[in-house]
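The values are calculated or read from the model by the stated rules, or taken from the named source; none is laboratory data. This structure is a prediction, so every number in the text was calculated from the model and none was measured. Positions of Cβ are generated from backbone atoms using ideal geometry, with glycine treated the same way; all protein chains shown enter the neighbour counts. The area values use the complete protein model at the heavy-atom level, side chains included, leaving out ligands, DNA and RNA. Shrake-Rupley method; radii C 1.70, N 1.55, O 1.52, S 1.80 Å.
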Amino acid sequence: MRAFSPAFTCAQHNAAVTTLARRLSTTDAVVVGLGSMIGAGVFAAFSPAARAVLPTGTGWALIVALAMAAAVAFANATSSAQLAAQYPVAGGTYVYGRERLGEWWGFVAGWGFVIGKTASCAAMALTFATYAVPDASPTWVRRLVAALAVVALATVNYRGITRTARVARWLLLVTGLALATTLVVAWVGRGSAVVEGPAGLVSGGATGVGTLHGVLQAGGLLFFAFAGYARVATLGEEVRNPRKSIPRAIGIALAITVVVYVLVAVTLLGTLGLAGAAGAPAPLAAAVDLTSAASWASPVVRVGATTASLGALLALVAGVGRTALAMAREGDLPRPLDAVHPRFHVPHRAEVVLAAIVVLLVLTVDLRGAIGFSSFGVLVYYLVANLAAWTQTGTDRLYPRALQAFGAAACVVLALALPWQSVVSGAAVLAVGVVLRLVILRRRTR
């Protein structure tokens, strides 16, 4: 493995131009992580996860899948935190893989992250428009609103990371208040459906291999909801005192998110039941619609969903932009993308190109169903992170290797348990990236 220099910028670059500024506090990093996780998962992941475990006939299977996803997320988070403490630069696992395992490992992680999360950007923008625009509006209006949201948040990111953190904080505050109101209203006016008792874990519905596969698939889909803590690691070059702040921020954000998701899962099962949660495109809205307060509470759900989607989109643009910057620094993406704005200290070219691509996607393709595809890419990303963290020694090792072994094995199992369409499309995207890099490397050697 290569010797790592904290001054990560290559010698041929001007450090004043290519280095990002350390402006984020631990609280800012926590907010970015929470905005990513709560925005993506609460309003998007529970319905497909419930469908995956529906044949089991018990809502407790969804709780088990959530616990599994949380356990895998914790293992992966410790690996990311440990690596980010040693390599406090932009790029996340792309950098870690290159430094600890080799260039190809880093490329696979970075390519999967950039492609998968670009699709997630489009999905979050379209989710925002779905909630923000009246149902009777034509499709082109939703697409236009989604595109405008991308442009607006890209502009916020362009103006500096501290502005990004400030906007993320306000979006998270509104989301939290709306979500708390939604859960209270749903419980106060809940219908007759109730969560099954402990016997539901072993009785009713499918059993054996079918049950296990359904729970694993649901765990893989729910893992998509936890993946936001990667954004904290990708911002490693902009966090003050990164060796302490990044591990702390990742741990705090993940712990809060786990509590929120458990509350949401129990609420959905206690109001809609497993079948109702599986059949509702917007399960939280459906839970509120069952109550007598639906007339005033439904708009609250819409507000929470819109701000959550915007918070996730804001963090995604920041994270993908930093990973693209790191890949451009090494020539794995076009070199001009490695530029950092001299005033705002952001990867402005990478973010402008990303915004343009996402706008094109939201205007032409509906990617709201991209959860499985994104989950596959993220699981591959964290597989590389766990393998990279396994190689760390001495004072750089903050957590036992058993966590990395569990995290790596779980990433493989959950990735293969995803719907076959997600596995095939994810593997195809990785293969395309590998072929393109091979072609580029051959041309460079001529």
For segment 30-181, shape from the Cα gyration tensor axes a ≥ b ≥ c, cut at a/c of 1.5 then a/b versus b/c, turns out oblate
Give the carbon-plus-sulfur fraction of the accessible surface of the chain in %, rounded to a whole number; probe 1.4 Å, heavy atoms of protein chains only. 70 percent
Relative contact order as a percentage, the chain, C-alpha pairs under 8 Å and 6+ apart, gives 35 percent
Here the alpha-carbon Rg of segment 131-174 over 2.2 N^0.38 Å rounds to 1.41
So if each residue of separation counts as 0.36 nm, and I subtract the Cα-Cα distance between Glu103 and Trp140, what length gain in nm does that give? 9.1 nm
Run lengths n ≥ 4 of DSSP H only: what is the helix-derived mean residue ellipticity at 222 nm for the chain, with -39500 (n - 2.57) per run over all residues, to the nearest 500? -24500 deg cm²/dmol
Top mean-square fluctuation among Ala255, Ala233, Ala312, Gaussian network model of the chain, C-alpha springs under 10 Å? Ala255
Using only C-alpha positions, report the orientation-averaged shadow area of the convex hull of segment 232-317, nm², one decimal. 7.0 nm²
Probe 1.4 Å, heavy atoms of protein chains only: per residue, the accessible area of segment 228-302 in Å² is 34 Å²
The local net charge around Leu441, scoring Lys/Arg +1 and Asp/Glu -1 for residues other than Leu441 whose Cβ lies under 15 Å from its Cβ, equals +4
Would you mind computing, in nm to one decimal, how far apart the modelled labels at Arg343 and Ala409 are, each placed 7 Å from Cα along Cα→Cβ? 5.5 nm
Give me the tail of P(r) for segment 352-397 as a percent: Cα-Cα pairs with distance above 18 Å. 57 percent
If you wrap a convex hull around the C-alpha atoms of segment 320-379 and split its volume per residue, what is the figure in Å³? 102 Å³
The simple spin-label model distance between Ala356 and Val424, using points 7 Å out along Cα→Cβ, in nm, is 3.3 nm
Net lengthening on full extension, Ala180/Thr391 (0.36 nm per residue, minus Cα-Cα): 71.8 nm
Going residue by residue through segment 331-342, the Karplus relation 6.51 cos²θ - 1.76 cosθ + 1.60 with θ = phi - 60° gives ³J(HN,Hα) values, rounded to whole Hz and with x marking Gly or Pro, of x, 7, 10, x, 3, x, 6, 8, 6, 10, 4, x
Checked segment 316-436 with the C-alpha gyration tensor, a ≥ b ≥ c its square-rooted eigenvalues, rounded below a/c of 1.5, otherwise prolate if a/b is larger than b/c and oblate if not; verdict oblate
With every protein chain left in place, what is the accessible area of Trp187 in Å² (1.4 Å probe, nearest 10)? 80 Å²
Candidates Leu173, Leu325, Leu269, ranked by Gaussian network fluctuation over the chain, Cα under 10 Å, top entry: Leu173
What the 5 Å binned alpha carbon P(r) of segment 217-367 shows, as percent of pairs per bin from 0, is 2, 8, 12, 16, 16, 14, 12, 9, 6, 3, 1, 0
So what is the diffusion coefficient of the chain in µm² per second by Stokes-Einstein at 4 °C and 1.567 mPa s, using a Kirkwood Rh over Cα pairs? 60 µm²/s
For segment 91-147, report the accessible area per residue in Å² (1.4 Å probe, heavy atoms, rounded to an integer). 31 Å²
Equivalent ellipsoid semi-axes, segment 384-446, via Cα gyration tensor eigenvalues times 5, rooted, Å: 29, 22, 5
Cα gyration tensor of segment 227-282 - equivalent ellipsoid semi-axes, whole Å, descending: 34, 12, 5
Quick one: among Gly112, Gly407, Gly433, which has the greatest mean-square fluctuation in a GNM of the chain with alpha-carbon springs under 10 angstrom? Gly433
Any residue on another chain or 5+ positions along whose placed amide H is under 5 Å from the amide H of Leu24 is listed here as Val239, Arg240
Under a point spin-label approximation (7 Å from Cα along Cα-to-Cβ), what is the Arg159-Ile440 distance to one decimal in nm? 3.2 nm
